[in-house]
Structures are given as C-alpha cells and as structure tokens.
Amino acid sequence: AQSVTQLGSHVSVSEGALVLLRCNYSSSVPPYLFWYVQYPNQGLQLLLKYTTGATLVKGINGFEAEFKKSETSFHLTKPSAHMSDAAEYFCAVSDWAGNQFYFGTGTSLTVIP
Amino acid sequence: DTGVSQNPRHKITKRGQNVTFRCDPISEHNRLYWYRQTLGQGPEFLTYFQNEAQLEKSRLLSDRFSAERPKGSFSTLEIQRTEQGDSAMYLCASSLRQGEAAEAFFGQGTRLTVV
C-alpha cells in the first residue's frame, strides 16, 4: 500500500524567503515520487520527479527535492520565493509500474510581498 | 501536440441527469488515467487504461460511473443519474509507459456542478 502525507495545508512565506513544503510517504515497495503544482482552475503540472539514482532532484522554476529513505521524506524546497510561486502543491507516490499515482491533500503556498 | 485535452471545461447539470466527459491524451501515450478532485483535496484515483484495456478501477467508481477508451485513443467518462456528491473536478492524465513508470501529464479538468 502507498500513501502520502503533506504536513501543513497552508504555508505562507515572504517574497525572497526560503520555501519548504513537506511530504512524507508510505510505500511497501521502492517509491517513485513526484511533486506537482496546480494553479486555480487548472490541471496539475509536474515540477520534478524521483525514480532512481541521485537523491537530490532539480525541477522547473528553481524547485528541488531530496529523497531521504531513512526519513521516508521528499520535501520540496526553493531558495527564494517569487510571487508567481503562489499555488497549490501536491506530492504523489507511485510504484515502479505506475499503475496509480497516490496524491497528498496538497499544500497551498502564499507568497507575501 | 498541445498536451492532454478535456472537454467540456465546465458542466452544470441537474440531479438525475447523465453526463459524459471526453479526454484526448497526448497522442503517443499508452496510459490514460481518470481522477476526481474535490475542493481542498488531492486528486483521487478513479480508473486507468493501458491502451484500450481498463486495468484497474477504484472502489470510488460506483456502478453509475463508466469509462471507455475505444481503440486506445480518446476516453470518455460517463456518470449516470448524477448526484450532488458527484460535483467535483474530473481530471484526465496520460503517460507513456515504457518499462518503468513515467510521470503523468494532466489535462485542465472538467468541473462538474450538480444542482
């Protein structure tokens, strides 16, 4: 069984400050992990993914995430927040076969000018 | 190719009516997924297709819901005898599975409101 927990349904940061969005997963098999971003009334856009190999993965728009197996975590970070980063962020987990993607409940990011 | 396309973008229907949504995936993608998303929640898996074969269905997919993917191209999701609880955003996604899992590309969704 696989599941994702996103700690903090709402996160507010000042423009230029560090963004940290937390994701912990549960998986009985080696996980494939994803971060998606969703803007209002839009679909989901992939930010980055971890499959195998390097545990620090870089994505679009300056975001990155680190897979930590010992902590079962895949937190999303960005060194400096921009106003355009305000959106809903979803962490997701899949298995090797990709038969399903299990999503967390999301974290709404607000960027304060 | 401009990505996954969903139609209509918005649908308002009266309780008890049937509705059908269409999804056109990215052309070479062999996997197609349907998800449902309610306000403040993450997407919940409904079903997925590998080419034309429907391989898995969630328990969320009651007998009022049916999905098809004829010829392994576009897909339709039909909801019969709609209920107010069916009001949600219905998301379609596609991926190209060649060996290991690949990321899913999402459409913009169809927002259903049942009144």
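At-a-glance table
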{"item": "Highest-first arrangement of B:75-82, B:48-55, where packing means the average Cβ count within 10 Å", "result": "B:75-82, B:48-55"}
{"item": "Shielding of B:87-96 by partner chains, average beta-carbon count, 10 Å", "result": "2"}
{"item": "Charge tally in the Cβ shell below 9 Å around A:K78, where Lys, Arg are +1 and Asp, Glu are -1, A:K78 excluded", "result": "-2"}
{"item": "19 Å cut-off, amide nitrogen to a point 7 angstrom out along A:A54 Cα→Cβ, residues in region A:21-40", "result": "A:32-35"}
{"item": "Backbone HN-Hα couplings from phi across region B:42-49 [Karplus 6.51/-1.76/1.60, Hz, Gly and Pro as x]", "result": "x, x, 10, 5, 10, 6, 8, 10"}
{"item": "For region A:1-59, the spread of Cα positions along each principal axis, largest first, Å", "result": "37, 25, 22"}
{"item": "Computed over chain A: relative contact order in percent, which uses C-alpha pairs under 8 Å that are six or more apart", "result": "38"}
{"item": "Environment charge at A:E64 (Cβ cut-off 9 Å; Lys +1, Arg +1, Asp -1, Glu -1)", "result": "+1"}
{"item": "Under-5 Å amide H pairs with B:R111, H placed in peptide plane, nonlocal only", "result": "B:H10, B:K11, B:Y90"}
{"item": "Charge sum, other residues only, whose C-beta stays under 9 Å from B:M89's C-beta, Lys/Arg counted +1 and Asp/Glu -1", "result": "+2"}
{"item": "Estimated vicinal HN-Hα couplings, Hz - region A:35-49 in sequence order (Karplus 6.51, -1.76, 1.60; Gly, Pro = x)", "result": "10, 10, 10, 10, 8, x, 6, 10, x, 9, 10, 6, 8, 6, 8"}
{"item": "Per-residue mean of C-beta atoms belonging to partner chains within 10 Å, peptide B:43-49", "result": "3"}
{"item": "Accessible surface, per residue, of chain A when the full set of protein chains is kept, probe 1.4 Å, Å²", "result": "46"}
{"item": "Simple spin-label estimate for B:R97 and A:E66 in nanometres, 7 Å along Cα-Cβ", "result": "3.3"}
{"item": "Among B:D24, B:D86, B:D63, residue whose mean-square fluctuation peaks in a GNM of chain B (springs only between Cα atoms under 10 Å)", "result": "B:D63"}
{"item": "Backbone HN-Hα couplings from phi across region A:54-69 [Karplus 6.51/-1.76/1.60, Hz, Gly and Pro as x]", "result": "3, 7, 9, 10, 10, x, 7, 6, x, 7, 8, 8, 10, 7, 10, 4"}
{"item": "Cα gyration tensor, region B:1-103 - rounded (a/c under 1.5), prolate or oblate", "result": "prolate"}
{"item": "Where Cα atoms sit under 17 Å apart: lysine pairs in the protein assembly as shown separated by 8 or more or lying on different chains", "result": "6"}
{"item": "Sulfur and carbon atoms: percent of accessible area, region B:70-114 [1.4 Å]", "result": "46"}
{"item": "Computed over chain B: relative contact order in percent, which uses C-alpha pairs under 8 Å that are six or more apart", "result": "37"}
{"item": "Highest to lowest packing among A:54-61, A:35-42, A:23-30, scored as the average C-beta count within 10 Å", "result": "A:35-42, A:23-30, A:54-61"}
{"item": "Within a Gaussian network of chain B (alpha carbon springs, distance under 10 Å), most fluctuating of B:G72, B:G85, B:G40", "result": "B:G40"}
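The values are calculated or read from the model by the stated rules, or taken from the named source; none is laboratory data. Since this is a predicted model, take the numbers as computed values, not measurements. As a convention, Cβ positions derive from the backbone with ideal geometry for all residues, glycine included, and neighbour counts pool all protein chains shown. Accessible surface is based on the protein model in full, side chains and every heavy atom, while ligands, DNA and RNA are left aside. Shrake-Rupley method; radii C 1.70, N 1.55, O 1.52, S 1.80 Å.
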